[in-house]
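Please read through the structure below; I'll follow up with questions.
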Amino acid sequence: SEERMELHLFGGFRDDKGTSEGLSIKLLTAFNNLPEEIHLQTACITDINNTKKGSTNFPVIYGIVIHLNSGEIQKATFLDRGPDQPIRSARHFTGSEEIINIYDHKKGVLSIGPFNYSTMDEIDLLCRLPDQFIREHLSTSPEQEPAHFEDAVRAALVQIRDHPKPLQTVFKEGKPRQYKLEANGAWTRCN
């Protein structure tokens with residue numbers, strides 16, 4: 001018999017632009033459209049995951065770990081956000097809003113792409129922007145961003161600049177970049 005797949009969603013908050021609510025709806029729709037039966041166990045999202053500091057909204061939870069055997073919930077810090085983060089972010093910076101599942105749990109493979117993006121005017125200038133400008137103008141919620149936000153954005157911009165035609169330079173022969181997570185926690189390219 002197959003094991004029951006359970007979903008716990010945490011994240012988003014009552015942001016000024018309503019981005020979290022829209023993303024939450026897209027995520028729920030994406031999971032609902034999967035062929036597997038998924039049981040939503042927890043949805044601590046948007047308004048439920050909101051607190052105020054002064055007059056500013058903040059998420060209550062930024063990251064969690066659920067120990068599946070015990071159900072215990074703990075705060076999580078993610079040191080590794082997976083392979084090819086600049087490539088994955090570049091896709092969104094150039095206009096893609098589609099939610100895609102990049103991890104095949106049956107094969108244990110994370111697949112990125114292939115996809116194309118259009119380059120941006122003044123990309124060299126964008127790559128040199130000061131941190132404060134990046135935070136204020138390239139974030140939906142500048143006050144709530146983690147410390148690594150500017151570095152991650154800059155890495156995505158450099159990706160766009162250095163690989164303006166990703167179908168030719170990143171996704172050779174139109175194939176995705178695939179990775180497996182090793183027992184030691186390292187991602188290994190498998191294609």
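Give the residues of the stretch 60-70 that are surrounded by 10 or more Cβ atoms within 10 Å (Cβ to Cβ) and either part of a loop (DSSP other than H, G, I, E, B) or in contact (Cβ under 8 Å) with a residue 24 or more places away in the chain (or both), sorted by residue number. Full working, then the answer.
First, pick out the residues of the stretch 60-70 that are surrounded by 10 or more Cβ atoms within 10 Å (Cβ to Cβ): 60-66.
Across the stretch 60-70, the qualifying residues are Val60, Ile61, Tyr62, Gly63, Ile64, Ile66.
So if I check each of Gly11, Gly22, which one is surrounded by 12 or more Cβ atoms within 10 Å (Cβ to Cβ), among the small types (Gly, Ala, Ser), outside the structural domain of Thr140 (by TED's automatic domain parsing) and free of Cβ contacts under 8 Å to residues at least 12 places away in the same chain?
Values: Gly11 fails: free of Cβ contacts under 8 Å to residues at least 12 places away in the same chain.
Of the residues listed, the single one that is surrounded by 12 or more Cβ atoms within 10 Å (Cβ to Cβ), among the small types (Gly, Ala, Ser), outside the structural domain of Thr140 (by TED's automatic domain parsing) and free of Cβ contacts under 8 Å to residues at least 12 places away in the same chain is Gly22.
Go through Leu79, Leu27, Leu34 for me and flag whichever is at negative phi, part of a loop (DSSP other than H, G, I, E, B) and in contact (Cβ under 8 Å) with a residue 60 or more places away in the chain. Steps first, answer last, please.
Numbers: Leu79 fails: in contact (Cβ under 8 Å) with a residue 60 or more places away in the chain; Leu27 fails: part of a loop (DSSP other than H, G, I, E, B).
Going through Leu79, Leu27, Leu34 in turn, just one is at negative phi, part of a loop (DSSP other than H, G, I, E, B) and in contact (Cβ under 8 Å) with a residue 60 or more places away in the chain: Leu34.
Next up: When you go through Asp151, Asp124 one by one, which is the residue that is in the same structural domain as Cys190 (by TED's automatic domain parsing), in contact with a Lys or Arg (Cβ under 7 Å, 6 or more places away or on another chain), at negative phi and in a helix (DSSP H, G or I)?
On the way: Asp151 fails: in contact with a Lys or Arg (Cβ under 7 Å, 6 or more places away or on another chain).
Sole residue among the options that is in the same structural domain as Cys190 (by TED's automatic domain parsing), in contact with a Lys or Arg (Cβ under 7 Å, 6 or more places away or on another chain), at negative phi and in a helix (DSSP H, G or I): Asp124.
While we're on this one: Scan the stretch 50-65 and give yes if some residue there is among the aliphatic types (A, V, I, L, M) and over 28 Å from Asp104 (Cβ atoms), otherwise no. Please lay out each step first, then the result.
So the first thing to find is which residues in the stretch 50-65 are among the aliphatic types (A, V, I, L, M), and the list is 60-61, 64-65.
Okay, now just the ones that are also over 28 Å from Asp104 (Cβ atoms), so 60.
Looking for residues that are among the aliphatic types (A, V, I, L, M) and over 28 Å from Asp104 (Cβ atoms), one finds at least one in the stretch 50-65, hence yes.
If you don't mind, another one. Is it true that some residue in the stretch 106-114 is in the same structural domain as Thr188 (by TED's automatic domain parsing) and without any contact (Cβ under 8 Å) to a residue 24 or more places away in the chain? Reasoning before the result, please.
We begin by selecting, within the stretch 106-114, every residue in the same structural domain as Thr188 (by TED's automatic domain parsing); these are 106-114.
If we keep only those that are without any contact (Cβ under 8 Å) to a residue 24 or more places away in the chain too, we end up with 106-107.
Checked against the condition, which is being in the same structural domain as Thr188 (by TED's automatic domain parsing) and without any contact (Cβ under 8 Å) to a residue 24 or more places away in the chain, the stretch 106-114 yields at least one hit.
Is it fair to say Asp84 is of a type in the set (Asp, Glu), exposed (fewer than 13 other Cβ atoms within 10 Å of the Cβ) and either closer than 19 Å to Ala186 by Cα or touching a helix residue (DSSP H, G or I) at 6+ places or on another chain (Cβ under 6 Å) (or both)?
No.
Additional query: I'm trying to understand the selection: among the residues of the stretch 127-148, which are in a loop (DSSP other than H, G, I, E, B) and farther than 26 Å from Ser20 by Cβ? Give the steps one after another, and end with the answer.
Residues of the stretch 127-148 in a loop (DSSP other than H, G, I, E, B): 128-130, 138-141, 145-148.
Matches in the stretch 127-148: Arg128, Pro130.
Assuming Phe115 fulfils every condition listed in (1) assigned to a loop (DSSP other than H, G, I, E, B); (2) surrounded by fewer than 15 Cβ atoms within 10 Å (Cβ to Cβ) apart from one, which condition is it?
(2)
Can I ask one more? Can you name every residue in the stretch 87-98 that is part of a loop (DSSP other than H, G, I, E, B) and surrounded by 14 or more Cβ atoms within 10 Å (Cβ to Cβ)?
Here is the first cut: in the stretch 87-98, the residues part of a loop (DSSP other than H, G, I, E, B) are 94-98.
If the condition is that a residue be part of a loop (DSSP other than H, G, I, E, B) and surrounded by 14 or more Cβ atoms within 10 Å (Cβ to Cβ), then Thr94 is the only one that fits.
Looking at the stretch 110-154, which of the residues that are modelled with pLDDT under 90 and of a type in the set (Val, Ile, Thr) is nearest to Phe93 (Cα to Cα)?
Of everything passing the filter in the stretch 110-154, Thr119 is nearest to Phe93 (Cα to Cα).
The values are calculated or read from the model by the stated rules, or taken from the named source; none is laboratory data. Since we're looking at a predicted model, the values are computed, not measured. All Cβ positions, even for glycine, are placed from backbone atoms using ideal geometry, and neighbour counts span all protein chains on display.
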